[in-house]
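I have placed the structure first, in the form of structure tokens, so that the comments after it can refer back to it.
The values are calculated or read from the model by the stated rules, or taken from the named source; none is laboratory data. Predicted, not measured: the structure shown is a model, and the values here were computed from it. As a convention, Cβ positions derive from the backbone with ideal geometry for all residues, glycine included, and neighbour counts pool all protein chains shown. Protein only, heavy atoms only, side chains kept; ligands, DNA and RNA dropped before computing areas. Shrake-Rupley method; radii C 1.70, N 1.55, O 1.52, S 1.80 Å.
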Number of protein chains: 2
Amino acid sequence: MNLILLEEHELGDGSRVVLSDRRADHILNTLKCNPGSTVRVGLVNGSLGLATLVESSGETVELDCRFEDDPPACPSVDLLLALPRPKVMRRLWAPLASLGVGHIALTNAWKVERNYFDTHVLDEETYRPLLIEGLQQARDTLLPQVSIHRQFKKLVEDELDDLFPPQIRLMADPSAHERIQEVLGRNNPARVLLAVGPEGGWTDYEKDLLVQHGFLPVGMGQRILRTDTACIGLLTLVHSALDSEGRKHRTSNIEQRTSN
Amino acid sequence: MNLILLEEHELGDGSRVVLSDRRADHILNTLKCNPGSTVRVGLVNGSLGLATLVESSGETVELDCRFEDDPPACPSVDLLLALPRPKVMRRLWAPLASLGVGHIALTNAWKVERNYFDTHVLDEETYRPLLIEGLQQARDTLLPQVSIHRQFKKLVEDELDDLFPPQIRLMADPSAHERIQEVLGRNNPARVLLAVGPEGGWTDYEKDLLVQHGFLPVGMGQRILRTDTACIGLLTLVHSALDSEGRKHRTSNIEQRTSN
């Protein structure tokens with residue numbers, strides 16, 4: 001927990017908040033704060049700031065918060081993920097939020113079992129605390145948007161353009177020769193939508209539909225990875241490629257300004 | 001399970017093996033094999049091949065195996081990891097094996113709690129099946145070597161050169177400006193040793209010691225990740241950079257040959 005995230009309603013109108021849950025435990029027993037100590041705080045979907053520990057008694061802390069820093073920038077990657085089995089999905093929420101994803105769209109696919117959609121791992125009361133755990137790890141405040149789609153074809157054909165702003169679309173495909181950094185290096189996009197298939201892969205029909213709707217196949221080498229490992233690896237590669245292109249771009253701007 | 005891994009002793013002298021564990025369940029109920037079907041098999045630390053299902057009865061299968069393919073190449077990345085808490089370490093074994101690591105050296109560090117070393121997650125009978133699970137996922141047969149080091153200074157000063165063949169050494173450091181692909185692009189190494197610190201980070205003393213012993217600091221952006229997420233992301237970046245340099249090298253060799 002590298003940031004204590006607070007909900008707007010916990011603060012009410014003032015700057016004071018009283019905590020007695022895991023966050024209080026973390027402040028008292030991990031950070032070992034005393035009255036007068038400061039901790040980093042953030043508002044869910046809002047600003048960052050600092051809080052001073054006013055008082056602690058037993059397992060309760062009272063914080064006085066000032067939110068003076070801008071919220072972090074929205075992550076420039078969105079994820080279209082064929083719903084993995086519930087155990088894997090549960091494990092994925094926090095890492096996805098910590099890596100930074102703007103919108104997580106979970107979709108059905110031929111090799112997704114229908115009953116995966118009926119588990120409470122897709123209930124907001126289950127996944128929201130897990131997303132917040134990931135944000136607190138990564139010092140972010142912006143909750144990823146989550147949407148759930150039971151009809152793959154309808155999603156791709158009718159809904160995708162409204163759900164996602166114009167961006168480069170990538171489809172993870174073990175048989176693809178091109179790599180993420182090659183495709184993004186050529187295109188230098190501002191946002192990326194990454195599609196990751198089910199454990200058994202997309203069917204040919206699904207792949208064709210994605211390609212028809214602008215998804216470029218990208219590979220990650222020959223090893224077959226579990227969905228959660230693959231998602232973390234692929235998101236890291238996309239972030240790294242965007243970051244690297246951004247840096248090159250900034251450097252070449254500076255060089256241009258210097259040479260003018 | 002994209003490969004059924006067998007131990008040498010299970011086969012004895014012949015080519016037949018009888019299974020009645022998770023592997024049999026996978027062959028019967030996930031792959032839905034019948035007598036005459038073939039499945040991909042591998043020998044732990046040995047060759048790859050195909051097996052024909054000879055007979056199945058209830059929960060038991062008998063396979064006739066031929067190992068005619070070379071073992072996969074040894075992964076060109078080694079990992080020096082400050083031992084994470086047991087729950088995280090348990091979760092990491094399978095992904096590490098699936099991503100491909102030659103040698104996993106687990107070390108103490110200032111911010112590693114001593115009692116982490118006393119848990120059975122470091123017993124070979126605990127981690128070996130988890131490594132095998134990761135290999136079966138990634139269609140690999142080569143078990144990562146594992147070594148456990150309770151003295152960080154002794155490890156870095158006296159043991160590292162013997163444990164690891166000459167290679168580029170990288171140290172994951174959130175404050176570092178340079179990225180993995182930049183450093184590896186400049187050096188084009190055959191092997192990489194990657195050091196990943198504890199949740200609270202390396203101390204300045206530990207960082208200095210690593211730098212004195214040739215570790216180059218590399219960053220992964222501003223977000224702070226949990227050890228398991230960071231390990232998966234960093235290993236993916238190292239593999240991707242090695243792969244990309246290898247591809248560039250092969251392309252430039254072909255271009256040279258073509259232009260001669």
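Within the stretch A:37-46, the set of residues being open to solvent by less than 50 Å² (accessible area, probe 1.4 Å) and in a loop (DSSP other than H, G, I, E, B) comprises A:Ser37, A:Val44, A:Gly46.
Looking only at residues in the stretch B:230-245 that are within 7 Å of another protein chain (Cβ to nearest Cβ), open to solvent by less than 30 Å² (accessible area, probe 1.4 Å) and touching a residue at least 24 places away in the same chain (Cβ under 8 Å), the one that is farthest from A:Leu92 (Cα to Cα) is B:Ser244. Filtered by the rule that a residue be of a type in the set (Gly, Ala, Ser) and either out of contact with any helix residue (DSSP H, G or I) (no Cβ under 9 Å at 6 or more places or on another chain) or within 8 Å of another protein chain (Cβ to nearest Cβ) (or both), the stretch B:217-229 gives a lone residue, B:Gly221.
Select, from B:Gly58, B:Gly100, the only residue that is on the phi > 0 side of the Ramachandran plot and open to solvent by 10 Å² or more (accessible area, probe 1.4 Å).
Among B:Gly58, B:Gly100, only B:Gly58 is on the phi > 0 side of the Ramachandran plot and open to solvent by 10 Å² or more (accessible area, probe 1.4 Å).
The set of residues in the stretch B:140-156 being open to solvent by 60 Å² or more (accessible area, probe 1.4 Å) and in a helix (DSSP H, G or I) consists of B:Lys153, B:Lys154. Condition check for B:Ile168 on (1) under 27 Å from B:Asn45 (Cα atoms); (2) free of Cβ contacts under 8 Å to residues at least 12 places away in the same chain: one failure, at (2). Of the residues making up the stretch B:67-85, those that are open to solvent by 40 Å² or more (accessible area, probe 1.4 Å) and either under 26 Å from B:Arg169 (Cα atoms) or among the charged types (D, E, K, R) (or both) are B:Glu68, B:Asp69, B:Asp70, B:Ala73, B:Cys74, B:Arg85.
When you look at B:Asp173, is it in contact with a Gly (Cβ under 7 Å, 6 or more places away or on another chain) and either within 29 Å of B:Arg22 (Cα to Cα) or not small (Gly, Ala, Ser) (or both), yes or no?
yes
Scanning the stretch A:92-126 for residues that are in contact (Cβ under 8 Å) with a residue 60 or more places away in the chain and within 13 Å of the chain's Cα centre (by Cα) turns up A:Leu92, A:Pro95, A:Leu96, A:Leu99, A:Gly100, A:Val101, A:Gly102, A:His103. If you check B:Lys87, B:Lys111 for being within 14 Å of another protein chain (Cβ to nearest Cβ), within 25 Å of B:Ile148 (Cβ to Cβ), of a type in the set (D, E, K, R) and touching a Pro at 6+ places or on another chain (Cβ under 9 Å), only one passes: B:Lys111. Beta carbons closer than 6 Å, at least 6 apart along the sequence or on distinct chains, pair a first residue in the stretch A:147-164 that is in the same structural domain as A:Tyr116 (by TED's automatic domain parsing) and closer than 12 Å to A:His213 by Cβ with a second that is surrounded by 14 or more Cβ atoms within 10 Å (Cβ to Cβ) and acidic (Asp, Glu) for A:Phe164/A:Asp78. Only one of the numbered conditions (1) among the hydrophobic types (A, V, I, L, M, F, W, C); (2) more than 14 Å from chain A (Cβ to nearest Cβ); (3) open to solvent by less than 30 Å² (accessible area, probe 1.4 Å) is violated by B:Ile180, and that is (2). Open to solvent by less than 30 Å² (accessible area, probe 1.4 Å) and hydrophobic (A, V, I, L, M, F, W, C) - does that describe any residue in the stretch A:212-221? Within the stretch A:212-221, one or more residues are open to solvent by less than 30 Å² (accessible area, probe 1.4 Å) and hydrophobic (A, V, I, L, M, F, W, C).
Screening the candidates A:Asp161, A:Asp173, A:Asp204 for the property of being open to solvent by 10 Å² or more (accessible area, probe 1.4 Å) and in contact with a strand residue (DSSP E or B) (Cβ under 6 Å, 6 or more places away or on another chain) yields one hit, A:Asp173. Under the condition of being over 17 Å from the mean Cα position of the chain (by Cα) and either within 14 Å of chain A (Cβ to nearest Cβ) or of a type in the set (A, V, I, L, M) (or both), the residues counted in the stretch B:187-204 number 4. Report yes if some residue within the stretch B:21-33 is open to solvent by 50 Å² or more (accessible area, probe 1.4 Å) and either assigned to a strand (DSSP E or B) or in contact (Cβ under 8 Å) with a residue 40 or more places away in the chain (or both); otherwise report no. Within the stretch B:21-33, not a single residue is open to solvent by 50 Å² or more (accessible area, probe 1.4 Å) and either assigned to a strand (DSSP E or B) or in contact (Cβ under 8 Å) with a residue 40 or more places away in the chain (or both). Among the listed residues B:Ala97, B:Ala109, which satisfies the condition of being in a loop (DSSP other than H, G, I, E, B) and at pLDDT 95 or above? Matching residue, one of B:Ala97, B:Ala109: B:Ala109.
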